[in-house]
Amino acid sequence: MITKPKGCYDVTGQDAQIYKKIEQVVHAYMNVYNYKYVRTPLFENAELFKRGVGESSDIVQKETYDFIDRSGRTMTLRPEGTAGIVRNYIEDKLYGGLISPVKEYYFGTMYRYERPGLGRNREFTQFGVETLGSDDPLIDAEVISLSVNILKELGLDVNVKINNLGSKDDRDNYKTALVEYLKPHLSELCEDCQKRILINPLRILDCKIDGDKDILKSAPNILDYQSEESKSRFKKVLEYLDYLDINYEIDSSLVRGLDYYDYMVYELSYNDSLALGGGGRYNHLVKELDGPQTPCVGFACGVERIINLLKEDYNETNTIDVYVMAVNEEEKLKANILLQDLRLNGITSETNFLDRGLKSQFKDADRHGAKHLVILNSDDLAKGLINVKDNLTKEEVKVPEDEIIDYILGVL
């Protein structure tokens, strides 16, 4: 038997229903916030992610799915959504348009080769936004509030953990102080952190292994190494969040796992333990990928983790509006026409496709959760009538055939 690859999964049953609900909520909120949908390729030139996500990031060093195509080019299945959108922004010269900032969103599949676990897969789905072209702290607050409001609409109250990484100069100053502090304690850090201290020391701060050690708890605070401009900017973001009644806490150890962030970064925390998503500002990524200097901010959320939380209390049942019952050929011809009319009027409808008798069709209608039954029979059809039964009250009425659609719409 052929089985699905490790770390992949089928979206079926209850999970599929929740997945559809998440999609609907995301698309609806993106529309009212005026974000435009964009879809980028599932695989890109590997150089995009090395330069975009960062060669020192865990994603590029350990987790990307890389392959050589038949022309000898190195390709990578996309591990995140931002780099592809920035590539498209540069390639299609969207920075030259009349509307600025460019506000885009995505909902799609990503791939990372990592150890599978609950809510963590090698094939996974993310939704997120990218706002390209504005340096205003107001748009930072909009991005954060949008992500919070989507999760609230789905029934998930989250806390925002937020930090300020400052400008490039601020971070360089802080990295120098952090490395000097950590050097005497290098042997006490995990193997990964011993490598990070040379290439990306900030990532040590949110290490899952060393994060709770006293060494890191006593490390220099990144907020103490920032310019007045950086502090003022961060203060303004927090002020906007206060006005929006967004709950947040400042976490100076939060750095996120991608190299391109600067200034504000944040994480969406559920029950103070599970990260459902996050994002931040990245003002230099467009230029690093050969585009013009462009300030940007965005976020991404993981769909699988949201599904796992929602299905604990999910009790939605599958129902249909109408089940059309027919036995002989004359009745089936009428059912064929009636089903199309019902469906084109937005009425969810089903019928018998297994040539079953009426008794079996009644049971099938119940399995589908049918609200109403349309019971066709030749005698009624000869009189221009159609029998309709309320499957809850069991009340039956005969409706003129040319009024059947209006009647069904009325009772629904």
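The values are calculated or read from the model by the stated rules, or taken from the named source; none is laboratory data. What you see is a predicted model; the values in this text were computed from it and never measured. Note that we place each Cβ from the backbone using ideal geometry, even for glycine, and neighbour counts take in every protein chain shown. Heads up: the accessible areas ignore ligands, DNA and RNA and are worked out on the full protein's heavy atoms, side chains in. Shrake-Rupley method; radii C 1.70, N 1.55, O 1.52, S 1.80 Å.
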Equivalent ellipsoid semi-axes, segment 139-195, via Cα gyration tensor eigenvalues times 5, rooted, Å: 35, 17, 7
field: Two-decimal Rg to Rh for segment 174-260 - Kirkwood Rh, Cα set
entry: 1.03
query: How high is the relative contact order of segment 161-315, given as a whole-number percent (alpha carbon pairs under 8 Å, six or more residues apart)?
result: 26
- prompt: Expressed as a whole number of Å, what is the distance separating the alpha-carbon centroids of segment 110-133 and segment 280-346?
  reply: 19
Accessible area per residue in Å² at 1.4 Å probe, computed on segment 147-304: 46
task: With r as the distance between the Cβ atoms of Leu198 and Lys235 and R0 = 25 Å, compute the FRET efficiency 1/(1 + (r/R0)^6) and round to 0.05.
output: 0.15
message: Given axes a ≥ b ≥ c from the Cα gyration tensor, I'd like to know whether segment 351-390 is rounded (a/c under 1.5), prolate (a/b larger than b/c) or oblate.
response: oblate
- prompt: In µm²/s, what is D for segment 1-156 at 10 °C and 1.306 mPa s, where D = kT/(6 pi eta Rh) by Stokes-Einstein and Rh is the Kirkwood radius from Cα pairs?
  reply: 91
- request: Sequence neighbours fewer than 8 away in the same chain don't count; with that in mind, list the aspartates and glutamates whose C-alpha is under 17 Å from Lys103.
  value: Glu91, Asp92, Glu130, Asp135, Asp136, Asp140, Glu142
- prompt: Taking only Cα atoms, what is the 0 to 90° angle, nearest 10, from helix 228-243's long axis to the longest principal axis of the chain?
  reply: 30
- request: Could you work out the relative contact order of segment 71-128, using alpha carbon pairs under 8 angstrom and six or more residues apart, expressed as a whole percent?
  value: 34
statement: For segment 180-296, the percent of accessible surface on carbon and sulfur atoms (probe 1.4 angstrom, ligands and nucleic acids excluded) is 47
field: Total charge dipole magnitude, the chain, about the Cα centre, Cβ charges on Lys, Arg, Asp, Glu only, Debye to nearest 20
entry: 960
task: Kindly give the semi-axes, whole Å and largest first, of the ellipsoid equivalent to the chain, taking each as the square root of 5 times a Cα gyration tensor eigenvalue.
output: 54, 23, 21
Distance in nm between pseudo-label sites at Leu274 and Asp380 (7 Å out along the Cβ direction from Cα): 4.8
Extension gain (nm, one decimal) between Tyr113 and Arg343, 0.36 nm per residue minus Cα-Cα: 78.5 nm
- request: Averaging sequence separations of C-alpha pairs under 8 Å and six or more residues apart, then dividing by the length of the chain, give the relative contact order as a whole percent.
  value: 15
task: Relative to the longest principal axis of the C-alpha atoms of the chain, give the angle of the C-alpha long axis of helix 82-91, reported between 0 and 90° and rounded to the nearest 10°.
output: 90
statement: Whole-percent carbon and sulfur contribution to the accessible surface of segment 4-157 (1.4 Å, no ligands, DNA or RNA) stands at 48
field: Å² per residue, accessible surface of segment 320-412 at 1.4 Å
entry: 57
message: With unit charges on the beta carbons (Lys and Arg positive, Asp and Glu negative) and the dipole taken about the Cα centre of the chain, which residue among Thr74, Leu156, Val324 sits farthest to the positive side?
response: Thr74
field: Accessible-area composition of segment 342-412, carbon plus sulfur, in percent [1.4 Å probe]
entry: 50
query: Can you give the calculated 222 nm mean residue ellipticity of the chain, where each DSSP H run of n ≥ 4 adds -39,500 (n - 2.57) and the sum is split over every residue, rounded to the nearest 500 deg cm²/dmol?
result: -10500 deg cm²/dmol
message: Restricting the calculation to Cα positions, tell me the Rg (one decimal) and the Dmax (whole number) of segment 217-317 in Å.
response: 16.7, 55
- line: Taking placed amide H atoms and a strict 5 Å upper bound, the residues 5 or more places from Thr125 or on another chain that come that close are Met110, Val303, Glu304
- prompt: Hey, what does the equivalent ellipsoid look like for segment 282-412, semi-axes from the Cα gyration tensor as sqrt of 5 times each eigenvalue, largest first, whole Å?
  reply: 49, 19, 14
query: Among the trypsin sites (Lys or Arg not before Pro) within segment 10-118, which fall in a DSSP loop and have no more than 13 other Cβ atoms within 10 Å of their own Cβ?
result: Arg39, Arg70, Arg73, Lys93
- request: Rounded to the nearest 10 degrees, what's the angle between the helix 168-182 long axis and the longest principal axis of the chain, both from Cα atoms, 0 to 90?
  value: 70
